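Notes follow once the structure below has been shown.
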Amino acid sequence: MSPVELIAAALRRERLAAGLSLSALADKAGLAKSTLSMLESGKGNPSIETLWNIATALGIPYSLLFDPAPVASTTLIRADEGPSVPSDSAAAKGVLLSGGSPGVRRDINRLTIEPGPPRVSPPHPPGTREHVVLCAGRAEVGPDDSLVTLTPGDYYAFPGDVPHRYRALEPGTILL
């Protein structure tokens, strides 16, 4: 199943589980009903921002929108592999490496970002914490009032339930 098909099936499942109509979820996520309908029918090509807005509106981990298969005893995703989702606000793409189990909000993503406009993220559900490890390049990361510059190997944790951003300061910047 393609990432778009997985997202479509999970979106419908989670929307119905939340007892929301297309219109109600579109309003909560700040999207047009037609956009949500296209995504749910598997005809859309969502950005990272759109998926985060939907997950936040549903109160679920972002990873549930990918409806991951049962966890294998081992998982290997090479550096150039994994279904990527582009950003619509920055020269960035995200790859979900691991989603949290049901009832656990823990996703591990790889974000590849190039210099230019930052990847701005709206607040996630209350209590969310972001954990970032810079693998390559240099980046400015964090809440607007606590931005830090990271270099390879640096780790930064911050509240994800406030607006925050990721901005590459060098080409080929990669964050986990």
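Over the chain, calculate the relative contact order: mean separation of alpha carbon pairs under 8 Å at least 6 apart, over the residue count, as a percent.
Details: 349 pairs, mean separation 31.3, N = 176.
The value is 18 percent.
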Total formal charge among the other residues, if their Cβ is under 13 angstrom from that of VAL95, Lys/Arg +1 and Asp/Glu -1: 0
Cα Rg over Rh - the stretch 1-100, Kirkwood: 0.96
Taking the C-alpha atoms of the stretch 86-176, convex hull volume expressed per residue in Å³: 90
Sequence-distant residues sharing a close amide H with GLU130 (under 5 Å, placed H): PHE158, GLY160
Span-rule helices in the chain, defined as complete DSSP H runs reaching 20 Å or more along the axis (Cα) with Kyte mean at least -0.5: 3-17
Estimated distance in nm for a label pair at ALA91 and ARG12, the labels positioned 7 Å out from Cα along Cα-to-Cβ: 3.8
Per principal axis, descending, Cα span of the stretch 1-59 in whole Å: 26, 21, 19
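Per DSSP H run of at least 4 residues, take -39500 (n - 2.57); add these up for the chain, divide by its residues and hand me the 222 nm value, nearest 500 deg cm²/dmol.
Per the formula, -7000 deg cm²/dmol.
Taking a quarter of the surface of the Cα convex hull of the chain, what do you get in nm²?
On the way: hull surface 39.7 nm².
Its Cα hull, projected and averaged over all orientations, spans 9.9 nm².
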The stretch 1-66: relative contact order in percent, alpha carbon pairs under 8 Å with at least 6 residues between: 43
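Taken together, the values in this text are just the output of simple stated rules run on the coordinates, not laboratory data. The structure displayed is predicted, hence computed values, not measured ones. Positions of Cβ are backbone-derived with ideal geometry, glycine not excepted, and every protein chain shown enters the neighbour counts.
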